[in-house]
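What follows is calculated from the coordinates using simple rules that are stated; it is not laboratory data. Treat the numbers as computed from the prediction; the structure is a model and nothing was measured. Every residue, glycine as well, gets a Cβ built from its backbone with ideal geometry; the counts of neighbours run over all protein chains shown.
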Amino acid sequence: MNIILIGMNHKTAPLEIRERLSLSCGDDVNHLAEIMNIPEIKEGLYLATCNRVEVLANATDGEGAVARLRDFIFHHGNLSAEEMSKCLYLHHDHEAVRHLFRVAASIDSMVMGEPQILGQIKDAFRTAVEHNATGVILNKILHQSFRVAKRVRSETGIANNAVSVSFAAVELAKKIFGVIEGRNVLLIGAGEMSELAAKHLISRRVGKMFIANRTYARAVKMAEDFHGTAIEFDMLPERLHEVDIVITSTGAPGYVLTPPMIEAAIRRRKNRLLFLIDIAVPRDIDPAVGEIDNVYLYNIDDLQDIVDSNLKSRKREAEKAETIIDEEITKYLEWYSALEVVPTIISLREKMEGIIRGEIAKSSAWMENLTEDERRNIEIMANSIINKVLHDPITGLKEESKDNSALPYIAAIRRLFGLDDK
Amino acid sequence: MDIIFFRLALAVYLLSALGYLGSLYTRRVLVARVSTWILFSAFAFHTLFFAMRCIKTGQNPVVSFHEMLSFFAWAMAGIYLAFQLKTKTRVLGAFVSPVSFLLMIAASKDMAGYVSIPAALQSNLVAVHVILAVTGEALFALATCAGAMYLIQEGLLKNKKVSSFSKVLPSLTDLDRINHICLMLGFSLLTLGILVGSIWARSVWGSLWQWDPKQTWTLAAWFAYAVLLHQRLAMGWKGHKAALFTLLAFAVLLISLVLTSLLFVTAHRFI
């Protein structure tokens, strides 16, 4: 096995270096072509995202290929070899496979469990396949990595809980209202985080969207962006009872929403539940509001606490994921060790002999009328047919194995004769 | 023969209760989904038991105190399963199935033999009275489960303890809706049940109402629920207050259901 994985990620390389590398990485196809031009490399995959740049390769000569891949990265990073080597990691053989599995399962991601990385690997694989850069080995590893990712997602809770403040808010809304669809939302003030939360809510098809801002023109502008209705800031107390979810993020020094305002709104709402999200610092909503019945008030620290504890539980789930990866590595190694000429010939023969035995057993009823000799002759004939049929494929395999290019043939035979099905 | 189905139902209720509690412990919805099917089969066995008893004896299968408990368990499970079809409140089963199982245990104490029904009770009115009243009470029990879960979930959300436990509990709005629906239905059925009962009482005891301890406590519970419904419908009570009051009203109902039979001398006790 001569599988190499070389690369850098958010843990090993600072942003500036990753940036430099991915800036020159606008065009994945050319990079792939460049990698495939390295004579020692038989199969290659090039993966570049904002958090990582990695090359996975199957090489004839490990050391030669690594040296040339290093040159490739130094050249594109436009950095001294010394600086670059500090950021690079290099894995061989089953450790390289393990690394890819961990990346695909999103254990190696900056935000553990995020789903994008799998899509990015699939894209990189598609590009590689389209340019004939992959073969038996890489195809197998990549397909297996997709399966690992699927298993980890369904068998562990790694992607279960929200790990961003805005998603945490959406999940809380679900715990309170059941369905978010049709709930009215009020956005007070502008800010990146509150707008992000609003966007998440809109994607769940909320009902009406109201927007208030001290500068009315700003509210009107935002209302256009969100297809909502602008409200004058002074009219807020009058309109509060119409909404189910309020997100505040103004720069106001004092409280924008006070207990009497919320109490009045709850009365007009006939005690229907109200969810308040205060993302502003300093706070926009008087904390005493949280004491009111049927009102749920969360500020930025509360949401951040949820995110932190969710991240912790993702880390626990990651340990389960490592077990799954170990299992899959074992499966991969089994598959790989079968990819040799001798075991393949043996299992091919076993399969054929099994078929003969089965057929003779099936025919035993009418064969009872035959004499012992006649029966033996039939068995001899069946065996010699099988030997004739197998002769050419086996000779071919042995010839190919002399110059190390038997892999595709072995894989094809194993696949076509179903030698790996148990 | 029919008693086999009773015991089968009892065992399967236990199985589903364990399944539901397991799903709470492991926080896995799949486990709860399987438990719902187990509960469904327990309900099916239990239904068969009632049907066979009815056919065999040709009389109302819910007469004695123990039969009432068993019918209570059956009604609760059935109503929950019906809700399960319509709402995302699977975890409610973790409250319903243990209660059904415990009721079955209590009922099993005196279930093997057949009771012969006194002539006075062989009226169809009695069957209707018992079935309406007990179904109504089972609905109240379900409303109480939903109310208890509401208070737990609310406590978690108010105190910002959004653990994975709060994740498996249904949303506040769903729980409040179940509480509301169960109260409305339960109140209607209990009212009808009491009316039918007093019509029968008039024909046997000569008057509509005796101020018997059992009747008095049931009336008290009925009033508690009437107040609660009024607050909900007219005053717009929702959520916390409604859930809390449901628990209180059910406590009164429990006295009328269980304690009066054990502690007081009551004319309402026949067998």
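Per-structure values
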read-out	value
P(r) of segment A:165-306 over all Cα-Cα pairs, binned every 5 Å from zero, in whole percent	2, 11, 22, 26, 24, 13, 2
Whichever aspartates and glutamates have a C-alpha closer than 15 Å to that of A:Lys199, once near sequence neighbours (fewer than 8 apart) are set aside	A:Glu171, A:Glu181, A:Glu224, A:Asp225
Distance (nanometres) between label positions extended 7 Å along Cα→Cβ at B:Ile152 and B:Val34	2.1 nm
Ranked list, fewest to most other Cβ atoms within 10 Å of each Cβ, for A:Met235, A:Met36, A:Met8	A:Met235, A:Met36, A:Met8
For segment B:118-271, diffusion coefficient by Stokes-Einstein and Kirkwood Rh (Cα), 4 °C, 1.567 mPa s, µm²/s	77 µm²/s
Hull-based mean projected area of segment A:338-416, where the convex hull spans the alpha carbons, in square nanometres	5.7 nm²
Near-label residues of segment B:47-91 by backbone N, under 17 Å of a point 7 Å along Cα→Cβ of B:Leu192	B:75-76, B:79
Positive dipole terminus of segment A:3-160, leading residue within A:Val148, A:Gly62, A:Ala104 (C-beta point charges)	A:Val148
Full-stretch length increase - A:Ser80, A:Ala33 - with 0.36 nm per residue and alpha-carbon distance subtracted	14.6 nm
Reachable lysines, given that their alpha-carbon falls under 22 Å from the alpha-carbon of A:Lys150 and they are not under 8 places away in the same chain	A:Lys122, A:Lys140, A:Lys312, A:Lys315, A:Lys320, A:Lys331
Proxy reagent accessibility, fewest Cβ within 10 Å first, across A:Tyr89, A:Tyr296	A:Tyr89, A:Tyr296
Cα long-axis angle, helix B:93-108 against chain B (0 to 90 degrees, to the nearest 10)	30 degrees
Zone of A:Glu359's modelled label, taken as backbone nitrogen in segment A:374-391 under 16 Å from a point 7 Å along Cα→Cβ	A:375-391
Over segment A:3-160, equivalent-ellipsoid semi-axes from the Cα gyration tensor in Å	23, 19, 14
Computed over chain B, Kirkwood Rh from alpha-carbon pairs, angstrom	19.3 Å
Extension gain from A:Ile202 to A:Asp225, taking 0.36 nm per residue of separation minus the Cα-Cα distance	7.1 nm
With 10 Å bins from 0: P(r) over segment A:81-221, alpha-carbon pairs, percent	10, 26, 24, 19, 15, 6, 0
Surface/4 estimate of mean projected area, convex hull on alpha-carbon atoms of segment A:70-163, nm²	7.5 nm²
Label-point separation in nm, B:Leu85 to A:Glu368, each point 7 Å along Cα→Cβ	5.8 nm
Proxy reagent accessibility, fewest Cβ within 10 Å first, across A:Arg316, A:Arg18, A:Arg153	A:Arg316, A:Arg153, A:Arg18
Lysine pair number, Cα distance threshold 17 Å (strictly under), chain B, separation 8 or more or different chains	4
Ratio of the Cα radius of gyration of chain A to 2.2 N^0.38 Å, where N counts its residues	1.44
Amide proton proximity set for A:Ile231, modelled H, under 5 Å, gap of 5+	A:Ile211, A:Ala212, A:Asn213
Overall Cα dimensions of segment B:32-90, principal axis frame, Å, largest first	39, 18, 16
